[in-house]
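S.K.: What follows is a single structure, and I will ask about it in a moment.
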Amino acid sequence: MIDRAEAIPFDVSDFRTIKFDHRDLDSVADALEQLKAQIGEIEKGTPIRTPVTFTLMLQEASKHQNKALPEEAFRELFRQLKPE
């Protein structure tokens, strides 16, 4: 979550972010609904993408640097990297 007036740091700009203005109650209510929706996705088991999970995926891919990625691992890596 970030104040609507602030810039999202470049290193996390590709990740899901909830923007809001704490002085605007409609904005706060909208942010709360977005947060509930994101929590609901996590509870359903939808994979989350964070800087940590992204780094772990890159580490896993680097293990297969000189050999072909198993098809399942490649599909999972592509699915995780696909923009939401």
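S.K.: Given the criterion part of a helix (DSSP H, G or I), surrounded by 10 or more Cβ atoms within 10 Å (Cβ to Cβ) and at pLDDT below 80, identify the matching residue among ALA31, ALA73. Don't jump to the end; show me each part of the working.
M.R.: Working: ALA31 fails: at pLDDT below 80.
Selected residue: ALA73, the only one of ALA31, ALA73 that is part of a helix (DSSP H, G or I), surrounded by 10 or more Cβ atoms within 10 Å (Cβ to Cβ) and at pLDDT below 80.
S.K.: Continuing with the same structure: Do any residues in region 14-32 that are within 22 Å of THR53 (Cα to Cα) and in the same structural domain as ARG4 (by TED's automatic domain parsing) have Cβ atoms under 7 Å from those of residues that are polar (S, T, N, Q) and not in a helix (DSSP H, G or I), where the two are at least six apart or on different chains, and which pairs are they?
M.R.: Correct list of pairs: PHE15/THR50.
S.K.: Which of the following residues is modelled with pLDDT under 95 and either outside any loop (DSSP other than H, G, I, E, B) or assigned by TED's automatic domain parsing to the domain that holds ILE8 (or both): GLN65, GLN59? I'd like the intermediate steps shown before the answer.
M.R.: On the way: GLN65 fails: either outside any loop (DSSP other than H, G, I, E, B) or assigned by TED's automatic domain parsing to the domain that holds ILE8 (or both).
The match here is GLN59.
The values are calculated or read from the model by the stated rules, or taken from the named source; none is laboratory data. For clarity, every value in this text was computed on a predicted model and none was experimentally measured. A quick note on method: Cβ atoms are made from the backbone with ideal geometry, for glycine too, and the neighbour counts reach across all protein chains shown.
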